[in-house]
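**Q** Pasting a structure here, questions to come.
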Amino acid sequence: MKTIFCVHILIPNLNSTSSLTEKYGGNLPQAILDIVLGFPLNDLTIAFDSNMETYMLHTIIFTLYSRDVSVTLFNITTVDLQNAYFTYLSSMFEKYHDVTTLFLCSTKMSEHVVLEVQYMNLIRRNFKLIFYWPEKRIYRYFVRSMNEFMKIIVITNPRPGTYRLYYNQALSYKRHHLEMVNWWNSVDGLFRRPTLPSPGSIFNNFNGKVFKIPVIHKPPWHFVRYVNDCIEVLGGRDDKLLTLLSQSLNFRFEYFDPPDRNQGSSVLENGSFEGVLGLIGKRKADFFIGDVTLTLERLSVVEFSFLTLADSVAFVTHAPSRLNEALALVRPFHWQVWPAVVATLIISGPILYVLIALPNRWQPRRQIPSRCKLFFECCWFTTTLFFKQTGREPSSSNKCRFFIIILSLSATYIISDMYSANLTSLLAKPGREKSINNLIELEEAMINRKFKLYVERLSSSYSLLENGTGIYGRLWNMMTHNQHLHVIDSVEEGVKLVRRSIDIAIIAGRETLYFDIQRFGAKNFHLSEKLNTAYSAIAFQIGCPYIENFNKILMAIFEAGILTKMTDSEYENLGKRQKTEIKISGVESEAQKQQENENDLLDEKDEELQPINIKMLQGAFYLLFLGCGFSACVLGLEILFERQQYKVRRALRVGRKKHIRFKRRCRYYCRKLRKLIRAWFRQMLHDAFVDTLEYTE
């Protein structure tokens, strides 16, 4: 990369010779000084080639320094030196500095410089090119090569002692033309100050000049009908605005159909810009109006006027569907309420038991046959009380009755009545599912519910998602990886997709989305909250000289509220516009009409209050069916449990009988054995006694 050195040269005072005066037709240094001071300027860049006399160049520089005008010199004789000068221009434009260059070179070099400035896209409003033309006649090729957005001043010498100034932007209605705007002579000096007329006075009237303007179908800004290879603009807010501007500035305009039919959002790999803004950047279109959002990438290609719309980015989803009426009986109880109700139901029974059993234990006044039975009676009584059923109080003590009264009031007037009121309101106007209002909820829906997000091709929202970080980057990754298609040709097409499906969302400008959902039935859609602020303006070519004239009118009508009124009138004329579109688009199919009528009828039923009918109470029957089923299951379990217990008891009885028989048998055999032993013992005694009789005798 080359470094540019801006050198301020101090030259001693040298008197111009008669030969140089005759060659340049007069006192050229003094003429240049008066012209520069007439702008006025404090800095001047001088570009020269080998055809410029060194002595004359030194004289010009010294004359400018004598009036405190700093000079930056560039020799543009070779290609490398020319590139150094153009690099210097680029660095100055990046810092938004004003640059005025005086070219003291040949006519061929002047023509080359004009073409190079256009080729390198260095045309700026703060860039003036002053050419000293040594010939008597300005060549037609030089005039034809000039762009109307370049500020070119040509100094000629028609006769000795006189210099004329020609300006290419002196007339607002001519494109390739040089008009004399001032002159200088050796007696009076500069005839008119400032040197150039102001752009406000020049471009205040275009005298019927025709502008070529691209147009895209994007309601409510433009309504465009495409017929074969032709287009027909049917109206729109920006069409009205453009008509107002044309009447104020006296110009005409012709619409044409751009090739891509999109605005453009990013720079391609080859360095060009896409869409309509790419045409303006290539200077193939004069300007574009139609909801053009200001972005940093677009500012590198076009210039924007004063804002025409203060909008915001949003997304639209299908309207939340109605909740199932079968769950209306349990919906009044929020998940935060259920634990408190269940805890009260569980605790109230043991508390009542404590109030009865504990005082009776301290001072026994009644006999309690079974404390377990009393506990279950207390629990059952509190349960019947909560369900508003009749029951016998387990005790007639004052403490017990006071507790029962408090519990009855809580169950009847706090829980039951509030529940009945909420249930009645939910049945009269059924609730809806939770809507998606911000990007965090949209991200959760895309992850858990497989939502699909669409964006208009090459729009500002497309650029926001593609280049965004954080949640925008995560949404873009899910769009590109999880969806087969994530871009659409227009917002209108996306709104139609959202109307037909419940798992689709589209992100775009909020005003555009709001108008489209009004067109296709606001009851079918849900518009999210504002995501970020976006401003729209008119896109002009870089270096456009008449942008300030447009800004004055736009600021005036914006402050007066005319722009807002134009937008509101489009909403008021929405019904007429829909009828016109139907006539233009032709007769719709009977199936499509029937489907739309059914959707509208369902939406109207969803919104209106409805009388309670037996269908809305289907949840009670479902609950009754579940209760009966649960009771049947409990009964079956009880039967199975009883049978099992019966088998166990029977087995115990059989085992007990066997044990008894075994004990009886054991006792029988024991008695029999005892008898045998006793008989044997007696027999032995008898035998012994008999044996001893012999000896006794």
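The values are calculated or read from the model by the stated rules, or taken from the named source; none is laboratory data. None of the values given here were measured: they were computed from a predicted structure. For neighbour counting, all protein chains shown are included, and Cβ atoms are generated from backbone atoms with ideal geometry for every residue, glycine included. These area figures cover heavy atoms from the full protein model, side chains too; ligands, DNA and RNA do not enter into them. Shrake-Rupley method; radii C 1.70, N 1.55, O 1.52, S 1.80 Å.
**Q** How big is the accessible area of S312 in square angstrom, nearest 10, if you roll a 1.4 angstrom probe over the protein chains?
**A** 10
**Q** Still on this structure, please answer the following. Using a 1.4 Å probe and counting only protein heavy atoms, arrange Y669, Y167 so the residue with the most accessible area comes first.
**A** Correct descending sequence by accessible area is Y669, Y167.
**Q** Give me the percent of Cα-Cα pairs in the range 51-109 that sit more than 20 Å apart, rounded to a whole number.
**A** Taking all Cα-Cα pairs of the range 51-109, the fraction more than 20 Å apart is 36 percent.
**Q** Within the range 433-487, report the trypsin sites (Lys or Arg not before Pro) that DSSP leaves as loop and that have at most 11 other Cβ atoms within 10 Å.
**A** Taking the range 433-487 and a limit of 11 other Cβ atoms within 10 Å, the loop trypsin sites (Lys or Arg not before Pro) found are K434, R449, K450.
**Q** What residues qualify as long-range amide H neighbours of K128, i.e. H under 5 Å apart, gap of 5 or more or another chain, H built at 1.01 Å from N?
**A** Amide H neighbours of K128, under 5 Å, 5+ apart: V99, T100, T101.
**Q** Take peptides 218-228, 196-206 and line them up by average Cβ neighbours within 10 Å, highest first, as a rough protection proxy.
**A** Per-residue mean Cβ counts within 10 Å order the peptides as 218-228, 196-206.
**Q** Let me ask something additional. With every protein chain left in place, what is the accessible area per residue of the range 436-482 in square angstrom, probe 1.4 Å?
**A** Here the residues of the range 436-482 average 49 Å² of exposed surface.
**Q** Here's a follow-up. How large is the accessible surface per residue of the range 18-197, computed with a 1.4 Å probe and reported in Å² as a whole number?
**A** 45
**Q** Next up: What does the highest-first list of 207-215, 640-648 look like by mean Cβ count within 10 Å?
**A** Going from most to least packed, we get 207-215, 640-648.
**Q** Give the ranking of W380, W183, W476 by solvent-accessible surface, highest area first, calculated with a 1.4 Å probe.
**A** W380, W183, W476
**Q** Enter the accessible area of I405 (Å², nearest 10), with the probe set to 1.4 Å and all protein chains included.
**A** In the full protein context, I405 sits at about 100 Å².
**Q** Which order do V154, V690 take by accessible area at a 1.4 Å probe, largest first?
**A** V690, V154
**Q** Quick one: pull the percent of accessible area on the range 18-197 belonging to carbon and sulfur, 1.4 Å probe, ligands and nucleic acids left out.
**A** Taking all protein chains in place, the range 18-197 shows 49 percent carbon and sulfur surface.
**Q** So which of K218/K565; K95/K128; K240/K284; K128/K284; K373/K658 end up more than 27 Å apart, counting from Cα to Cα?
**A** Beyond 27 Å: K373/K658.
**Q** Which percent of Cα-Cα pairs in the range 18-197 sits in each 10 Å bin, short to long?
**A** Histogram of Cα-Cα distances, whole percents per bin: 9, 40, 41, 11, 0.
**Q** Which order, highest average first, do 82-94, 561-573 follow once you tally other Cβ atoms within 10 Å for each residue and take the mean per peptide?
**A** Result, highest mean first: 82-94, 561-573.
**Q** Taking a ≥ b ≥ c as the square roots of the Cα gyration tensor eigenvalues, with a/c under 1.5 meaning rounded and otherwise prolate when a/b beats b/c, else oblate, which class fits the range 452-587?
**A** oblate
**Q** Can you pull the accessible area of R371 for me, 1.4 Å probe, Å² to the nearest 10?
**A** Estimated to the nearest 10 Å², R371 gives 100 Å².
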